[in-house]
Amino acid sequence: MSKPKPTCVFLHSLEPGQLADFYALLSERTRSARKDGKPYFSCRFRDAQRVAAFMAWSDGAWFEPCDKEWHEGRIYKIRAIYEEHPTYGSQIDIQQIRLATTEDCDEGELDPLLFVERSRFDVDAMFAEVRRIAADDIADAGLRTLTLTLLDRFAPRLRLMPATAKHFHPFAGGWLEHVLSMTRAAMLLTDHYSQHYADTQPALDRDLVIAASLLHEIGRCVEQEQTFGPPPSTVDGQLFGHVILARDLIRDTARAIAELDPERQRLLEHLVLTHLHLPEWGSPRLPVIPEALILHHADDVDAKLEMYLRCLRKDKSAGPFTARDAILGRPLLKRRPPPSIDSGEPK
């Protein structure tokens, strides 16, 4: 008879000598060489509460897979024996390993948010609010159906996806956090300028702004690999980028929605294609309708504010400035006078 399959447990719950299946994030993979010149990899696998080491020696079975297939920042399903060395601490002896997949999450074995940096906000609540805005605030039936169809199609991915791999909102749930925040900002801007220019014809199209805000980054779902941790690009992502892929998803989905006005679909595609505003920023065309300004600036300020505030929040350096941020390309000033408090007394 074959041996029973080990039960899937947490890495931090393993006892010395225990063989088990568990999920772990590869947090470090460093290539070095021994005194005789033979290479090896020093790896660190972790969950939320424990880090365990693994050495992939050049004459061992795992050196080549580690060299060619393992990547920092990704989660793996591992079968291994756990040990605690008196000098080197927690270690694992790997017997089987594979990249974790979205199917593991769907089957209830894996909660990837236990291993990676995540949004401060509840992903289910954010997705529910994004969907509510699409359902309640888009009056046009065709645009509403199109938006809800794409949101529902990619719902499992959207709950986990970062907005970008390393720039703005680069963490699990970051896509939802960014899209929800900038959609709210775009709605406020549209409402303000619709009142400020109430006599302008044609009036600003609120439905188009909302639909474009919710869908302008939908191409990320097919631009990025479905992995946990920093996502690499797919082949289509490398060939076309998320802007073109978003337009393709909208166009393909629209074919099955009879009530969608072709002209509004065309304008929605224009907004998505031009939301980056300038060719040097990745926009294939220049925007030619005013709704594009609202979409672009709501998107841009939300992305940049997240980058600025994350830099300030995480900085531990001494002095009035943060350490130079590699993405922003500058240090940020930390010290400012506290905001004045209105006493309520007349001035």
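The values are calculated or read from the model by the stated rules, or taken from the named source; none is laboratory data. Bear in mind that the values here come from a model prediction, so they are computed numbers and not experimental data. Here Cβ is always computed from backbone atoms with ideal geometry, including for glycine, and neighbour counts include all displayed protein chains.
If you go through region 27-54 and keep only what is out of contact with any strand residue (DSSP E or B) (no Cβ under 6 Å at 6 or more places or on another chain) and aliphatic (A, V, I, L, M), you end up with just A48. Filter region 76-126 down to residues that are surrounded by fewer than 13 Cβ atoms within 10 Å (Cβ to Cβ) and of a type in the set (K, R) and give me whichever is farthest from the chain's Cα centre (by Cα). Once the filter is applied, the top-ranked residue is R98.
Does R44 satisfy the condition of being surrounded by 13 or more Cβ atoms within 10 Å (Cβ to Cβ) and within 24 Å of the chain's Cα centre (by Cα)?
Here the answer is yes, as R44 does meet what is asked.
Select, from I218, I244, the only residue that is more than 22 Å from R118 (Cα to Cα) and β-branched (V, I, T).
Going through I218, I244 in turn, the sole match is I244.
Each residue in region 188-208 was checked for being over 18 Å from R264 (Cα atoms) and among the charged types (D, E, K, R), and 2 pass.
Any residue at all in region 305-318 that's within 20 Å of the chain's Cα centre (by Cα), assigned to a loop (DSSP other than H, G, I, E, B) and either in the same structural domain as S213 (by TED's automatic domain parsing) or of a type in the set (G, A, S) (or both)? Checked against the condition, which is being within 20 Å of the chain's Cα centre (by Cα), assigned to a loop (DSSP other than H, G, I, E, B) and either in the same structural domain as S213 (by TED's automatic domain parsing) or of a type in the set (G, A, S) (or both), region 305-318 yields no hits at all.
Of everything in region 233-265 that is within 21 Å of the chain's Cα centre (by Cα) and of a type in the set (D, E, K, R), the residue that is nearest to H216 (Cα to Cα) is R247.
Just wondering, is there one or more residues in region 195-204 that are at pLDDT 95 or above and in contact with a helix residue (DSSP H, G or I) (Cβ under 7 Å, 6 or more places away or on another chain)? Among the residues of region 195-204, at least one is at pLDDT 95 or above and in contact with a helix residue (DSSP H, G or I) (Cβ under 7 Å, 6 or more places away or on another chain), which makes the answer yes. Scanning region 184-205 for residues that are of a type outside the set (A, V, I, L, M, F, W, C) and in contact (Cβ under 8 Å) with a residue 60 or more places away in the chain gives T190, Y193, D205.
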